[in-house]
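Everything below concerns the one structure shown next.
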Amino acid sequence: MAFGSRVVFDSLSCGFPRGKISVILGGSGSGKSTILRLVGGLVQPRSGVILVEGQDIVGLAERRMYEVRRKLGMMFQGGALLDSLTVFDNLAFPLREHTRLTETEVAAEVQNRLDAVGMSNVGDLLPGQLSGGMLKRAALARAIIRKPSILLCDEPFSGLDPASTKRIERLLVRMNRDSSVTMLVVSHHIPSTMRMADRVLLLLPQGAVEGQPQELRAHADPRVTAFLNEVPDLDAESLEDPDEPPAGKAVRARGGMR
Amino acid sequence: MRRAIEDLGFLALRFVDDLGKLALFTLRILAARFTPPLRCGAFVTELFKLGVLSLIIICVSGMAVGMVLGLQGYNTLVRFGAEQSLGAVVGLSLIRELGPVLTALLTTGRAGSATAAEIGSMVATEQLDGLRMMSINPVHLVVTPKASAMIAVMPLLSALFIVCGLFGGYAVGVGLMGLDGGTYMSSLQSAVDFHDDVLGSLLKALIFGVLIGLISTYRGYTSAPTSEGVSAATTSTVVIGSVSVLIFDYFITALWGV
């Protein structure tokens, strides 16, 4: 995957199990958000296969991609709410576009989602009037309004206070357990990640490491454990033994998106 | 020398590439225009933003241009004892040339730049990607109503500009210079042909509307997702839009005699 001459990652192969919460970790610029955008079909890889519920979406025409995206919900890092609409209308928008619900039913659905993210009384506000954390929660509410089978969350915890972080974490876990929603979560918040994740994909400059949280905690590669232990000023180069490739590099090659 | 030729070739290729992309973008807009839902509400909103909010600048500019034409025309015509032709001079200048061209230039500066900036900022804040993820075609929802409204308002604004200009010319010629009102109006009436002059003028304005609508939406839609990108899109809309209007004006006049 590359943008112009800048290669984001080369020969990445990973799988995200259906109905599980998979968290993507990695340093800034490692391509975490790009993976979500690849799965959403917003960017195209130079080569390869991306399977979303068995369907290869690489090179798919935009019109066909819209059908695939009906199964997807995406919470963007910056919210991506339509700034000319109120929070209520932002949430109601996809329902008005794609369903035949009456306005009363739409209002009930919207209020239900706003309650779930703890924003019952902000429906009348414009996105520009929300704080960063509220914007995140409103974006999450919009992403789940159509009950997607795959939810892509880009940094759902950044900028949130501890209480809101817990609330969002609980909401995501509950959605996953109750509705078997497949979740791909990009996060820097290690504690939440390790609590909620069924699988973790850690993107390192030398390659990706994949596994269950407890497997990665006990990983042989010191860079993996250093990252998960949030070691400050981690100098990856100094930890790397040039003669021996990190063992974690072997943990990959599971095919495309399942 | 070789470097200069290479640069020239690169610029030529980029120009052709841009033209090709603009043509494809135009086809996407056309396809979206005839795809339900027709988004009449969004179209009316854009009519208001591009048309009604431009009324003051169009009326004031039209009046000012008409007054200047009246003053200059009278002072020139009086030397030849032909001041009774002032209505014809002001009318033909405004209807055949100044009305459509100046309206197009003013609209490029006011509404074209605003359109490019609005779409560009939606790109920068991922709002268009957010729409794609909700299976909503941003060309259908955002671009097409704006481009269509631009095409629709341009002949109307041009007609208004001309009417205000004629009134300005009348005010100066009759009110200030003491020309007979009946002479001004009869000169105007006898010189202006509805088919050749008025319809031709409206056609010219329509073509300018297509140009500005396409250029402003295309530049906004393809802007880089940064503040600098939005700024560049806005600037290039005004520059490319204005130059295109003037170049097309020459060819329309030369080839069709409008």
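Could you tell me whether residue B:165 is more than 22 Å from the chain's Cα centre (by Cα), small (Gly, Ala, Ser) and more than 10 Å from every other protein chain (Cβ to nearest Cβ)? Here the answer is no, as residue B:165 does not meet what is asked. Of the residues in the stretch A:38-47, none is part of a helix (DSSP H, G or I), over 23 Å from residue A:172 (Cβ atoms) and among the charged types (D, E, K, R).
Looking at B:213, B:178, B:209, just one residue is small (Gly, Ala, Ser) and not in a helix (DSSP H, G or I), and that residue is B:178.
The number of residues in the stretch A:81-137 being outside any helix (DSSP H, G or I) and more than 14 Å from every other protein chain (Cβ to nearest Cβ) comes to 13.
Determine, yes or no, whether residue A:192 is out of contact with any Gly (no Cβ under 7 Å at 6 or more places or on another chain) and surrounded by fewer than 16 Cβ atoms within 10 Å (Cβ to Cβ). For residue A:192, the condition - out of contact with any Gly (no Cβ under 7 Å at 6 or more places or on another chain) and surrounded by fewer than 16 Cβ atoms within 10 Å (Cβ to Cβ) - is not met. In the set B:35, B:76, B:108, B:26, only one residue is under 22 Å from the mean Cα position of the chain (by Cα), open to solvent by 10 Å² or more (accessible area, probe 1.4 Å) and among the polar types (S, T, N, Q); that residue is B:26. Checking each residue of the stretch A:48-67 against the condition of being more than 9 Å from chain B (Cβ to nearest Cβ), in a helix (DSSP H, G or I) and crowded, with 19+ Cβ neighbours inside 10 Å gives no match.
Taking the conditions (1) open to solvent by 90 Å² or more (accessible area, probe 1.4 Å); (2) closer than 21 Å to residue B:243 by Cβ; (3) in contact (Cβ under 8 Å) with a residue 60 or more places away in the chain in turn, residue B:8 satisfies each one other than (3). Selection within the stretch B:122-151: residues that are part of a helix (DSSP H, G or I), open to solvent by 10 Å² or more (accessible area, probe 1.4 Å) and in contact with an Asp or Glu (Cβ under 9 Å, 6 or more places away or on another chain). The member of this set that is farthest from the other protein chains (Cβ to nearest Cβ) is B:148. Looking only at residues in the stretch B:228-258 that are polar (S, T, N, Q) and modelled with pLDDT of 95 or more, which one is surrounded by the most Cβ atoms within 10 Å (Cβ to Cβ)? Looking at residues that are polar (S, T, N, Q) and modelled with pLDDT of 95 or more, I get B:237.
The single residue among B:46, B:83 that is acidic (Asp, Glu), under 26 Å from the mean Cα position of the chain (by Cα) and at negative phi turns out to be B:46.
Only a single item in (1) touching a residue at least 24 places away in the same chain (Cβ under 8 Å); (2) surrounded by fewer than 19 Cβ atoms within 10 Å (Cβ to Cβ) is not met by residue B:209, and it is number (2).
The values are calculated or read from the model by the stated rules, or taken from the named source; none is laboratory data. Keep in mind that this is a model prediction, so the values were computed, not measured. Counting neighbours? That spans all protein chains shown, and the Cβs are built from the backbone with ideal geometry, glycine included. The protein model used for the area step is the full one, side chains on, heavy atoms only, and it has no ligands, DNA or RNA in it. Shrake-Rupley method; radii C 1.70, N 1.55, O 1.52, S 1.80 Å.
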